[in-house]
Amino acid sequence: MADTVVTLSARGAVRPRGRAPRGRRTLTAYLFLAPFLVLFLAFVVTPAVSGLWISLHTWNELLPLHPFVGLKNFIDLFSPDGLYADDFWESMRATGLFVVLSVPCLLVIPLGIALLLNRRVRAGGVFRGIFFAPYVLGVAVISVLWRFLLDPQLGAVNALLGADIPWTVQVPWAWVSLVGITVWWTLGLNTVILLAGLKGISADLYEAAALDGAGAWRSFRSVTLPGLRPVMTFVTTTTLLASANMFGQSFLITRGAPGTETRTAIMYIADQGLGQGNMGAAAAMSYILFIILAGVSVLNFRLQRDTTR
Amino acid sequence: MTSTLDRPAPVADGPADAAARPPRHRRSFARALPDLVVYVALVIIAAAIVVPLLWMLLTSFRTDFDTVTRPAVPIPDPWTTDAYRTLLGGAAPILRWFANSLIAAASQTAIVLVTASMAAYALARLEFPGRRIVFGALIATLLVPGVVFLVPNYLIIDRLGWLDTLWAVIVPGSAGAFGVFFLRQFFVSLPGDIEEAARVDGAGDVRIFLRIVLPLARPALATLAVLTFLTNWNDFIWPVYVLLSPEVQTLQPGLSTLEGSYQTHYGIIMAGAVIASVPVLVLFTLAQRQIVESVANAGIKG
C-alpha cells in the first residue's frame, strides 16, 4: 500500500509536466543522499572491508610493519596451540552461557508482564512507562548502582537477606547477578513490543475459541501464542543478538571475575584489539563472532517458521 | 508510521475506557485472573524496578558513615548534600563530562537529523538509478554486529587525528543506517497529493523537502532525535577506548572512573549516577509515548 503511494506520486510528479529532465532528477537524488553516503562510506563500508584486510595480517598497533599472513589469524583460533585460541573460546563460552541463561528470562518475564498489561488495567500506561524506564539509563549507571547494592559487606541486598553472598566475585552468583541485572534493566523493551503484538490479535479469535469451549489455558495456547508468532520471532532474534553482544555488565560489574570466567567475547575482542593492540587477531575474532551470530539468527528464523507450519 | 505516531493511546491506557468497560466476554489466560491479583502483581514488579533507583537517589544524600553502618535502610540520617558539593566542587571533572556528553549527544543528533532526513527523502520520494543498491547496502550493514567495526574504526579515527577528541564520539556513530530507515518508513507513508500540488505550482525538490515533507514529519523527527540522543548519551564501549584524557571523557566512562577513585564512598558515586541519569529520565518522561511506541512498532513491522 505504502509503496503504491510512492510510485504514483513519483510518476505523477515527473511525467505530466516533464518539468525536470531525468538526468537532473537523478542528480538531485544523489545530492540529497550525498552527506549521509559520505559518512556511511567512511565509517561503515570502509571499516567493514578494512576489518577483513586487517584480519589477514599480523597487525600489532605497536609494531611498524604489518606482514600479510593470509588466513593464519583464523586458523590459529581453531588450532589448540594458537596463541589466543583458549582465551577466545573461553570468552565465547561465557557469551554462550549468558545467552542461554538470559534469553529465556528476557522472553518469559516480559511476556507475563505484557499479558498482565494487556488487560484493561487502570493506569496501564503508567506501569508501562515505569517498566521501560531503566532501559533508558546507561550501562555505567546501572552497573555502579548494582555494584553498590550487591557489595558483599556493605550492600543492601545482602543486608536485607541477612546473607553474605559473593554476588559479583564467585560463580554461580556472578551469573545470577549478570542475568538478574540485565533482566531488571531491559525487560521493558521486550514487554512493550510483546504488548503491541498482543493488541494486534483480533478479539474475534478469542470469542471463537470461547464459543468452542476453550478455557483460559487453551485459548492462550491456541490463540495468543500463534498470534504472537511473528512478533516473537523478531523479539527472540533481537534478544539473542543483544545478549550475545553483552559487554558493559561484565566489564563493569564482575570485571570478568572470578578469574576470566565471566569475560564475554566482546570484552575479550575489545581488550585484545584496542587494549593490547592485537588488531589482526581481534579483527579475525570479530568476524568469527559475526558469522556465528548470523548463523544463529538464520537458524532461529527457520525454526520459528517451521513450527508455524 | 503516520498512523502509529498519531494514533490515539491504546485502549488499555484510557482510565475512562476502563471505567466504562462492558462486562468481559473475552477469556484468555491472564483475563481469567481477578483484577486485584493483576494489580498486586503489577505493583510488585513496579516496586522491584523503582526501589533500586530510589535507593540510588537516597544514597546520594547520605553520609558515608550512615550508608555503611545501616546498609538495609535507604533513608538518609542525617540528610546531606555533601556528595554533590564534593563532586561539583571539582573533586572530579564531572561538570566537564556532563558538558562533553551534552555536546556529543546534541551534535550527533543534529548530524543524524540532517543527513538521515535528506537521504530518506531521496530513497522514499525520488527515483534514481542505483536506489535498490543503496537501499540493499544499508539493510546489509544493519545485520553486522558493532564489534566488527571496533578495530577498523579506531584506526580510521586515529588516522583522522580524532583520537581523544569529541569528534570520535560524534561522527562515526552518526553513520548508522537506522535513522535513514526510520525516516524512510515515515516519508513513504506520506500522501502524495500535497507534494504534487506544490510541484504543479513550480516548487522544486528542495522546497518540497523543506516546506512540506519536513514539517509533516515533525513527530518522526522528534522521535529519532530522542532515540539518537539517548543512544549517544549512554554509549559506553566506544568512548572507553577512544577517549583517554580525563577532560575529554563523557559521563558514562567518567562514572566508572569515579567508581575507581571513590571506592566505597557510595554517596559520591551514587550522586554521579544521579547526575548521569537525570537528563535521560527527564527526556524519557517528556517523550515517553513516542519512545515506547516507536520501539513497540519496530517489533510489529520487523
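Out of every Cα-Cα pair in segment B:92-301, what percent are more than 25 Å apart? Cα-Cα pairs of segment B:92-301 separated by over 25 Å account for 48 percent. Spin-label model, B:LEU88/B:VAL206: points 7 Å from Cα along the beta carbon direction are separated by 4.6 nm.
Legend: Rg and Dmax of segment B:137-226, from Cα coordinates, 18.0, 52 Å. So, in Å, what gap is there between the alpha-carbon centers of segment B:86-156 and segment A:42-101? What the calculation gives is 25 Å, centre to centre. Between B:LEU54 and B:LEU286, the simple spin-label model (points 7 angstrom out along Cα→Cβ) gives 2.7 nm. Between A:VAL176 and B:THR264, the FRET efficiency estimated from the beta carbon spacing at R0 = 22 angstrom works out to 0.45.
A:ARG24 label point, 7 Å along Cα→Cβ, cut-off 17 Å on backbone N: hits in segment B:158-201? It comes to B:198-201, nothing else. Annotation for B:ALA47 and A:VAL45: the two label points, set 7 Å from Cα along the Cα-Cβ direction, are 5.7 nm apart. Residues whose amide H falls under 5 Å from that of A:HIS57, counting only those 5 or more places apart or on a different chain, are A:VAL69, with hydrogens built in the peptide plane. For segment B:275-289, backbone phi angles converted through the Karplus equation (6.51, -1.76, 1.60; θ = phi - 60°) give residue-by-residue couplings of 4, 6, 8, 3, x, 6, 5, 4, 4, 5, 4, 5, 10, 3, 4 Hz, Gly and Pro being listed as x.
Contact order, relative form, for segment A:129-269: 28 percent (alpha carbon pairs under 8 Å, 6 or more residues apart, mean separation divided by residue count).
State whether segment A:17-167 is rounded, prolate or oblate according to the following rule on the C-alpha gyration tensor (a ≥ b ≥ c being the square roots of its eigenvalues): a/c under 1.5 gives rounded; otherwise a/b larger than b/c gives prolate, and the remaining case gives oblate. Oblate is the answer for segment A:17-167, as a/c is 1.5 or above yet b/c matches or exceeds a/b. In terms of its alpha-carbon gyration tensor, segment A:86-308 comes out oblate; a/c meets the 1.5 threshold, while b/c is at least as large as a/b.
Rg and Dmax of the protein assembly as shown, both derived from C-alpha coordinates alone, stand at 25.8, 81 Å.
FYI, it's all coordinate maths here, none of it is from the lab. Note that the structure is predicted; figures quoted are calculated from it, not measured. Every residue, glycine among them, receives a Cβ derived from its backbone with ideal geometry; neighbour counts consider all protein chains shown.
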